[in-house]
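Participant: One structure is given below, represented as structure tokens, and several questions about it will come after.
The values are calculated or read from the model by the stated rules, or taken from the named source; none is laboratory data. Computed from a predicted structure; not experimentally measured. Backbone-built Cβ (ideal geometry, glycine too); neighbour counts: all protein chains shown. The accessibility values were calculated without ligands, DNA or RNA, using every heavy atom of the protein model including side chains. Shrake-Rupley method; radii C 1.70, N 1.55, O 1.52, S 1.80 Å.
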Amino acid sequence: LKPGGPRRQPAGGPRRARRAPFWRPPFRRPRAPGPRRGRRGGGPLRAQALPDFTYFGPAAMNTRTVSLPDLVTEKRKNTCLSLSEGFAGARYEGSLAATAETWCPRPGAGAPLVGQPDPGAELQKVLPVYYRTRQLALSTEKGGHRMPRKLQSELRSLEKALAREIRIVHPLFFQRFDELQLDRLLRAMPFLRLSSGRWIFGAETLGAQWPPTPGDRAFLLLSGQVALYPDPSGVGERTDVYRGAVFGEKRFTLGDEAMRDFTAGAAHCEEPCIVGVIQTASLEAAFADRAFGNSRIAQTWRHVPSMSRICKPEEEMKPPGSPSPPTSPAKEQDKEYGAIASALRDIAKVATACHLQIGQELLSTEPFADSLLVVSKGNLEVRGDICLTEKLDALPPEKVRIRITIVKATNLAGDSIFDKLDPYCLVKLGDTKRFQTPVLWNVGPNPKFDFMGVLTFADEEEVEFTVMDHDKYSADDLCGSGTIACKELYDGYSGAIQLTCPKKGIFKSEDSLEEPAGKLYIKVTYDYEKVSALTRVPKVRTWTDQELFVLGPQACWGHEHIMLQHMFMKILEQAASSTTYSLSLQNLRIIAGAPKGGTTGVSLWKASKKRFLEMVKHTGREKPFLQACRVSSLEKQMHIRDLIKRLIRKWESEEETHRLRKGMLEAAPVEEAIDPSRFRIAYRGYKAHVSVRNALNLSGGGFFDKLDPYAILRFRNSKQKPLRTSILQDAGADPVWNVEADMLYNGETALEIAVYDYDKYSADDLIGVGVLQVEQFCSGFEGTVPISLPSDKKKKTMKQMLITIGVQWPPLEQDATQTLPIAAASRTMHSFA
């Protein structure tokens, strides 16, 4: 053979030679010696020496400077960057023009990924290889050759890898395809690989038009970035979309479901992109099995237990052994069967099949409350967030005030013949709360007080009683004192307290330092108020992602919500009505459950609310089906009730364990005070119930001219009519008014108190003034307020002047209570002695 000369083809056609880096002569069967026919020059075959190096690589076989688009070994800079640059029928000027845009490197090349891996990176590697392998398989089949087994196995493995990776791009869309349907879609779907700067559609200056095809068309962006413009000329507000976006010139829906797509007049590639074309023909090829599978869907729906009220005739719904009514005419039975069968056929045509992997969430553009789900294979879990909030109205009323009536005392110590006792009783609750009875002059050791005092109660431990003998010119003497625990003072208590005083004399023993000093008789009652948001923050606990229901095969979800509307969720949330908590179900989700019996996935049918209501109306079973939905809702309520009871027990156990770890088994509840600034806004326009009880140690007056006191109370800078008590003639230094009235509050910062001495023939004399700040009365007040002398008067007594008042507030309305935050600070009742 002469190098470069033509070679004669062997008999029987050309033989395939194995390609090698260096050229080798193919194997040929030995032929008889003699001249060869068909060769130029004739003559016998003569052996010639081969050249030392003859390389028939791609560069030698193809004289182009750029190779064909080998999608595995493609370089970063390439003059042909697409699987199909443009599309059939489009006219581009310079479609093979060079571009400097970079493209995805071959698998394994480039820097390693840092941090979280890109979920679409593998798709960019698998898709070009799959497309190239598919083109090779198609060309082999079109050439009339049998596809090699190796090529078949490679194509199948690439199809599985592509189906796995492409589901991540648009989970909502690809959940509507099972494995076989997705394989058919990928084989029928055209793919475009477009370089940067290409127009997918639109742009009048482009001069390219899509060829006419039956049906609609949409585009699925698999990689890259596309800019969408509202005007077909490519102008207007720009919207950038990225991997996983579905866009087109019209709205794209799959059956009755929208696919979260974008509509635009023009689409422009900002980066090199891979785009899948979703056509009507591709979807018809993917869902080819629905043509004969609708009857199977109708049979599946017919045997769903929850749908028996509308999918089965009345005769089949009767329990066995029940008396049968007179037989209806055959025409009516045929009409009933026909209506049910027609309704099932109609909904089977429009029902959407969804296929989920284990642990995958069902996605939908419409809320699940407007959809009906029927499980055909596997288990579905209805999950959601359970929020329990303490119901303050359901808590027992709390003791807010204690009313202590000092009835009398007997056998008080310190009385003598020449100096009878002038006793008064001082009651102290906690560190700052106290009240005092008026002084009884010259009554001796058995006084009768008959005085009731009111103090705010906040679970103090004990009450202290002290009986003193009043002395005008020296310190008061102790007659006796005693304490009693508050837990012994039940509502309606009536009893005596043993008083003691220090033992007098020089003969004292360590065992008895005190001696009995009489008894004090008291009565106790409490004022109760319901717990409100003013004094207590309700406890709130949320459990996220809780399993509410498990739906097995032939179970359905959503029919109760469609028929009962918002009442369905109310029925479920009423499961906590027997507890002290209110229930709120939030973020309901549908998750594919764990496999049972080897199930690898979950399949279900999904129908819209509109289609389902049409089916129910077509069968004429609205009322029986509505009643069945009420019954099934109550069954679900019982299931939720058992669940929240377990959660409440777990919650209480955790709180008890937490207290034990801190060493506070009986920890006192933390009191909380209202924020005064918020209180002034929330209670603006409300009326405060103010009580003026008595005053103590008022100065002024004399033996022959006793005080005639009265008190005036007003909110600072208020223009409303003040509260004025009655005038007590000759009441002296310890008057008792016991006056109650309502005062309008408009956000003032203080309650001002003034005590006057009435004078008939001259101006009234000011005895003293006092101030109660908003921080003291915003949570209610019961106690004494100190009265100070005016600046122009001198102090004539050693004892502090006091006035006993009470301030109570009505409960806020519900809207105002929700907007009133509570400061997490301990509440201190400011009462002064």
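Participant: Keeping all protein chains in position, work out how much accessible area T580 exposes to a 1.4 Å probe, and write it in Å² to the nearest 10.
Facilitator: Accessible area of T580: about 60 Å².
Participant: Which chymotrypsin sites (Phe, Trp or Tyr not before Pro) does the stretch 448-508 hold that lie in a coil by DSSP with at most 10 other beta carbons within 10 Å?
Facilitator: Passing both the DSSP loop test and the Cβ count: Y473, Y490, F507.
Participant: Based on the Cβ-Cβ distance of D419 and E514, what FRET efficiency does E = 1/(1 + (r/R0)^6) give at R0 = 22 Å, to the nearest 0.05?
Facilitator: For D419 and E514, the calculated efficiency is 0.45.
Participant: Please give the length that would be gained between I648 and K719 if that part of the chain were fully extended, namely 0.36 nm times their separation in residues minus their C-alpha to C-alpha distance (nm, one decimal).
Facilitator: Value of the extension gain: 20.4 nm.
Participant: For the stretch 604-740, what are Rg and Dmax over the alpha carbons, in angstrom?
Facilitator: 33.4, 101
Participant: Hey, what's the per residue convex hull volume over the C-alpha atoms of the stretch 736-786, in cubic angstrom?
Facilitator: Hull volume normalised by residue count: 126 Å³.
Participant: Here is a further query. Along Cα→Cβ, 7 Å out, is where each label goes; now give me the distance between the ones at N746 and K504 in nm to one decimal.
Facilitator: Distance between label points: 5.9 nm.
Participant: Let me ask something else about it. If the only charges are +1 at each Lys and Arg Cβ and -1 at each Asp and Glu Cβ, what is the size of the charge dipole of the stretch 637-774 around the Cα centre, to the nearest 20 debye?
Facilitator: For this selection, approximately 960 debye.
Participant: Here's something else I'd like to know. Loop-only check: which trypsin sites (Lys or Arg not before Pro) in the stretch 527-603 are DSSP coil with at most 14 other Cβ within 10 angstrom?
Facilitator: Listed in order of number, the matching sites are K530, K539, K596.
Participant: Using all alpha carbons of the stretch 347-401, what is the percent of pairwise distances in each 10 Å bin, ordered from the shortest bin to the longest?
Facilitator: 14, 35, 17, 12, 12, 7, 2, 0
Participant: In Å, what Rg and Dmax follow from the Cα atoms of the stretch 435-516?
Facilitator: When restricted to the Cα atoms of the stretch 435-516, Rg and Dmax are 15.3, 43 Å.
Participant: Follow-up. Expressed as a fraction of 2.2 N^0.38 Å, the rule-of-thumb size for a compact globular protein of N residues, what is the C-alpha radius of gyration of the stretch 121-199?
Facilitator: Rounded to two decimals, the normalised Rg is 1.19.
Participant: Measure up K487/K523; K487/K650; K391/K636; K391/K570; K428/K523 against 18 Å on the Cα-Cα distance and list the ones that go over.
Facilitator: Exceeds cut-off: K487/K650; K391/K636.
Participant: Okay, moving on. Work out the charge dipole of the stretch 367-473 with +1 on the Cβ of Lys and Arg and -1 on the Cβ of Asp and Glu about the Cα centre, then indicate which of L388, G378, V407 is farthest towards its positive end.
Facilitator: V407
Participant: Between R541 and M638, what FRET efficiency follows from the Cβ-Cβ distance if R0 is 25 Å, with the result rounded to 0.05?
Facilitator: Plugging the Cβ-Cβ distance into 1/(1 + (r/R0)^6) gives 0.70.
Participant: Dividing the convex hull volume of the alpha carbon atoms of the stretch 538-663 by its residue count, what do you get in Å³ per residue?
Facilitator: 151
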